[in-house]
1. Compute log10 of I(q)/I(0) for region 182-349 with the Debye formula, placing one identical point scatterer on every Cα and leaving out solvent, at q = 0.12, 0.17 Å⁻¹, to two decimals.
2. Angle check, please: helix 2-16 long axis (alpha carbons) against the longest principal axis of the chain (alpha carbons), in degrees 0 to 90, nearest 10.
3. Checking the table 244/368; 248/307; 248/374; 228/307 against a 26 Å threshold on Cα-Cα, which pairs fail?
4. What's the extension gain from residue 285 to residue 364 if we count 0.36 nm per residue and subtract their Cα-Cα distance?
5. Longest span of the chain, sites excluded, free of GluC sites (Glu not before Pro) in DSSP loop with at most 11 other C-beta atoms within 10 Å?
6. What does the chain give for Rg and for Dmax, in Å, if only its C-alpha atoms count?
7. What is the fewest-to-most order of 28, 128 by other Cβ atoms lying within 10 Å of their Cβ?
8. Going by C-beta contacts inside 10 Å, put 33, 115 in order with the fewest on the left.
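Only the coordinates and a few stated rules stand behind these numbers; no lab work does. This one's a predicted model, so the numbers in the text were calculated from it and none came from an experiment. All Cβ positions, even for glycine, are placed from backbone atoms using ideal geometry, and neighbour counts span all protein chains on display.
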Amino acid sequence: MAAAAAMAAAAAEAEAGGVCAGRRLPPHSPSGLVLQTVEMHTGGEPLRIIPRLEAAEAAAESGGLSLLSLRREVAATQDHVRRALVHEPRGHAGMYGAVVVRGGAAAAGAHLAALFLHGAGYSAMCGHAVLALGRFALDYGLVAEPSRPETAVRLRCPCGPVTAFVPWDGRRSGNPVRFHSVPAFAAATDLAIDVPGHGKVVVDIGYGGTFYAFLSAEQLGLDVCSSKTRDLINAASAVTEAVKKQFKLHHPESEDLAFLYGTILTDGKDAFSEEPTTNICVFADEQVDRSPTGSGVTARIALQYHKGLIQLNQTRKFRSSTTGSLFTGKAVKEAEFGDYNAVIVEVSGEAFYTGTAIFTVEEEDPLKYGFFFK
Ligand SMILES: O=C([O-])C1=[NH+]CCC1
């Protein structure tokens, strides 16, 4: 009985704020950073949303910067914020973030623009983040008058305009969220690549807002569902490095976007089926997506459509090998993108809130902007 009474007393004191009476913030240096975030995940992949980053907004407003230029500016001048929030101790090896930008040329014609943050830097597109940001935009008032049962949220991503369609019940957003991405295309198919330690493999390269190499894990002597994650990471990373050396990417609009983001190993099930196809995405610096990877699903659908393996409006399920979470994907219409025949792909998935946070920095902290090791 005593323990229960003690717990009740402690709960009452905490409730009354006895422990942190009136303190919303932990003690920190007067000049130290204070960063408020909204925490979400999509299919297990985290999204640490920074609703406002004053320096980014100032640069966007004063400089009239495009989102791609703003991405370069933030990387050059505000990278300590990314490191502080994505790296340990505030983040972890799988952490992913987004800086919300409103107003200025960067967000022209959109409800919000987003800069995507990962362990090694900044990406061009992130589908799991778009699904979460769609809900965030409705629940945090970035869309003036949401409409039931579903509201279109216009986002600008570094790769271009993306529209999310978010359920709205009049009070809060819901799931599943879906989005239409930028035109997606097959950049190369059946490319022979010599991968050190693995010999010759055949890869496809698809664009779903960012470029990925795709191949079945079987070509590397692995199984995407049962092999050790470390082995899958090592093999996928070796493929990424080999493709970077042996194939030059071209992006129809910007050389800023002509980079290979990573490699997605699959179960080889590219022909249409009602059953899910499983993949694992290893991107940036050996970072593993816990979700099925929205930009990867977009590119896989474009490749499967290019190869005649699926038709318009045929929905496929994509399963993450790490968490078992599911996204769906379907090509909804044909498009042109530069010299490429492309498709507009719809991806759907579920995003959830996991909390809000206030992070502080003490100037005296030798690890104040985080640390990263593998
Ligand atoms: O969903 C997505 O497109 C991605 N999630 C993490 C890397 C890219």
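1. Debye output, listed in q order: -0.46, -0.96.
2. 90 degrees
3. Long pairs (Cα-Cα over 26 Å): 244/368; 248/374; 228/307.
4. The residue 285-residue 364 span can extend by a further 25.5 nm.
5. Numbers: sites that count: 274, 363, 364.
The longest such stretch corresponds to 1-273.
6. Using the Cα atoms of the chain, the pair Rg, Dmax is 21.6, 75 Å.
7. 28, 128
8. 33, 115
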